[in-house]
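Heads up: the structure comes next, in structure tokens.
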Amino acid sequence: MSDVKKLTTSRLKQLVMEEKRKLNVSADEVDAKDMANTLAKNVDYLKALKIHEARLTSKLKKVIKEKNRVKKKIIGDL
């Protein structure tokens, strides 16, 4: 228990400054035009995924319907 140090305001500031030096993160500036293009591409991709999802959903419904039909046929044959 003797290794435990009290957390004073000066010690807290010191810890924060040490962590800040470790991070040393720099933010790059990006043109709004580039961000808009990226956003537009993401929106277009989302639309394409929705269309693909709709196609897959309709195929899945057909598969489930056929599966149920085959099950009924098997039960009827027993």
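If every alpha-carbon in the chain counts as one equal scatterer, what log10 I(q)/I(0) does Debye give at q = 0.11, 0.12, 0.16, 0.22 1/Å? Values, matching the q order: -0.69, -0.71, -0.86, -1.02. Model label sites at Q14 and L46, defined 7 Å from Cα along the beta-carbon direction, differ in position by 4.9 nm.
Looking at the chain, the GluC sites (Glu not before Pro) that sit in a DSSP loop and have at most 16 other Cβ atoms within 10 Å of their own Cβ are E29.
In the chain, the longest principal axis of the Cα atoms and the axis of helix 32-77 are about 40 degrees apart. Under the convention that each Lys and Arg Cβ holds +1 and each Asp and Glu Cβ holds -1, the size of the dipole of region 31-78 around its Cα centre is about 580 debye. For the chain, build the charge dipole from Cβ charges (+1 Lys, Arg; -1 Asp, Glu) around the Cα centre, then report which of V25, L56, A36 sits farthest towards its positive end. Result: L56. The calculated 222 nm mean residue ellipticity attributable to helices in the chain amounts to -28500 deg cm²/dmol, summing -39500 (n - 2.57) over DSSP H runs of n ≥ 4 and dividing by all residues.
Taken together, the values in this text are just the output of simple stated rules run on the coordinates, not laboratory data. Everything numeric in this text was worked out from a predicted model, so none of it was measured. For neighbour counting, all protein chains shown are included, and Cβ atoms are generated from backbone atoms with ideal geometry for every residue, glycine included.
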